[in-house]
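What follows is a set of notes on a single structure, which appears directly below.
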Amino acid sequence: MLLLSSALLMLSSLVGQKLLQHGRDPARGIPDPYKMKPAAVDFRILALATQVTESSDQDVPVLLLKLKEILNSTSLGSKESQKIKQDLYYYNLVQYCMLVLKQDYSRLPGGWATAAQLSEILSQCCVGLEVKEDPEEFYNKLLPSAVDNLLFLGRRLQARFIRAIKDEEKSEFLRCFRTVTDAICWLFGGHIQLTESVLQSNHFLQLLITDDVETATAMMSVLQNILRANSSVLLHVDEENLHSVLDELVYKLSSTTNPVTGNAATKVLLAVAESHPQLVELLSTRYRGLRTLLSKQWAGKGFDRNLNQLSDLLYSESCRKGEMQRLHQAACLIQAVWRGFQTRKRLKTLPKAVTALQRSFRAKRKQELQHLKRLKEDETLRQQLQLQRQRAMRLFHERQLTLLEIVHAGQVDRYIQEMEGKAALTIQRHWRGYRARRKVHQQRQSLKQHKAAVIIQRAASQMSEGMSKELHLQGQEKLAQYLLRSSLDRRAEQRREALLAQVNTDVELLMSAPSLMEATEKDLDVFMSRSVPVACKARQSHNTILKYTRWPWWKKLGDEFMDDDMIPDDVLNTEFGTLFIGGSKSS
């Protein structure tokens, strides 16, 4: 009820806005003729919309009954009737009719008869209504909601009809219930797509599953009207819902002896069977004893014509299924004979296939063994090479130690210089040979390209002087563009390198900066000057390198394979301890 009240309040605000747009003051309830639109709206609709917005939720249903007089004032299907329905939808009066169906009418004026009349008004407003602005809101939301609310109202009336004791109350509730079912039939008769929504609704299945004769008969007539309006709707609903509906119909035939219920259920099943052959197959497969039940329990009850038609359809389907079963058995026999022939034929060629399989398996295994053997040989060769390198290094160090023992200390430097000179000559000789071979290879490629260009030029037609100049100008332009682009790229690269160096210097300064408690004016000068720490570090590095070059020969014994320009990091770090870098205190 809280959701219903909030929805009605929202609709009231929307109606008030539309009344103001139309030139009507909802507080006064009087239209202003000077502010009305050229396409005039019926005065009764404007007055009713104003009263609905100003009234409480309990008075709205009674006010909406006035819509019946407005709708009946025009002929059905005329342009005036369409205009009135469009105005009612525009001013949300149709939405009001849909929402108020969920109210409890036990204490409202008119009782449940008012609800039944509103269901008629709602279906009459929706049938023949063409919505051009935002049709999705009407067809996909309002119409399914209207069907659901009508079915919900039907469940309420069905429950009160079953609980009623007095005959007058039962007849009144039954009349209201039939009015609601007629409104549902009228609604999906005007909008065929709603038949699927009705069958998919849980309220419809609850209304159908009842032992009451009157309401069950009314719901079966609704189902029959659905099949009459859209015969293929059962093929589009969920299988579970379809089985539930058919189970209830067959249950009514098997559990009751009332001819009214039996006649209604038989008519619905006949309509289901006539709608599509697939449904006949479903009935004969899912309910195997249905034909026997119809002939034994319901023969001679006054509806033998419908009964015989349904039995004939089920019998023809059973005969067709028997023929299909016979054909299926024949097909299985043919397939069995063919499979046996194929199996015997395959068994005759099986030895050859086994031989070929064994041959391929042996070849594959041989390849795998060869691959493993090759991997093992490669691993052995790698280990031997590593062993040889280790032996060569050990022998080299042994020779160095032997020379240190034999050669006089004053002649070690000269001997080392001679050995370094010989090594340098060897390296240079190898490098010159490699460079000469590469140059010869490049010249050979250039000669080949030159010969190819000469052949192409001979084969091609001679180019005119104008075209040559034009091609020359194009080449010059492309070369200039390339040079300009490369110059810009070099500048950008230099700029990036400068920024990267600046970032590294800033990071180093920040990482080794002292705390605020230990900071001095000298530290502040270092952070304010960009060149002081860099110059200090460069000067100290230069001094360290000079000091390293002055080391005696015995300090460099372990550095035979180290370049002269490469200084160990630990040496530099030991010398940097006395340097103030990035604001750190000297040790």
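The values are calculated or read from the model by the stated rules, or taken from the named source; none is laboratory data. All of these numbers come straight from a predicted model, not from anything done at the bench. In this analysis, Cβ positions are derived from the backbone assuming ideal geometry, glycine residues included, and neighbour counts consider all displayed protein chains. Calculation scope for accessible area: heavy atoms of the full protein, side chains included, ligands and nucleic acids excluded. Shrake-Rupley method; radii C 1.70, N 1.55, O 1.52, S 1.80 Å.
Between Ser73 and Thr380, with labels modelled 7 Å along Cα→Cβ, what's the label distance in nm to one decimal, could you check?
11.2
If the limit is 23 Å between Cα atoms, which of Lys102/Lys132; Lys68/Lys102; Lys170/Lys267; Lys252/Lys301; Lys170/Lys301 go over it?
Pairs exceeding the cut-off: Lys102/Lys132; Lys170/Lys267; Lys170/Lys301.
If R₀ is 30 angstrom, what is the calculated FRET efficiency for the pair Thr549 and Ala392, using the beta carbon separation as r and rounding to 0.05?
0.55
Counting only protein heavy atoms, what percent of the accessible surface of the stretch 249-380 is carbon or sulfur at a 1.4 Å probe?
Carbon plus sulfur share of accessible area: 58 percent.
Given R₀ = 35 Å, FRET efficiency for Lys439-Ala492 by Cβ-Cβ distance, to 0.05?
With a Förster radius of 35 Å, E is 0.55.
Which residues does the label zone of Ser231 cover in the stretch 166-192, counting backbone N under 18 Å from a point 7 Å along Cα→Cβ?
Under 18 Å, as judged by backbone N against the label point of Ser231, lie 189, 192 of the stretch 166-192.
Sorted by packing (mean other beta-carbon atoms within 10 Å per residue), highest first, where do 104-111, 303-310, 155-162 land?
155-162, 303-310, 104-111
Using a 1.4 Å probe and counting only protein heavy atoms, arrange Met98, Met511 so the residue with the most accessible area comes first.
Greatest to least solvent exposure: Met511, Met98.
Excluding ligands, DNA and RNA, what is the solvent-accessible area per residue of the stretch 195-296 at a probe of 1.4 Å, expressed in Å²?
44
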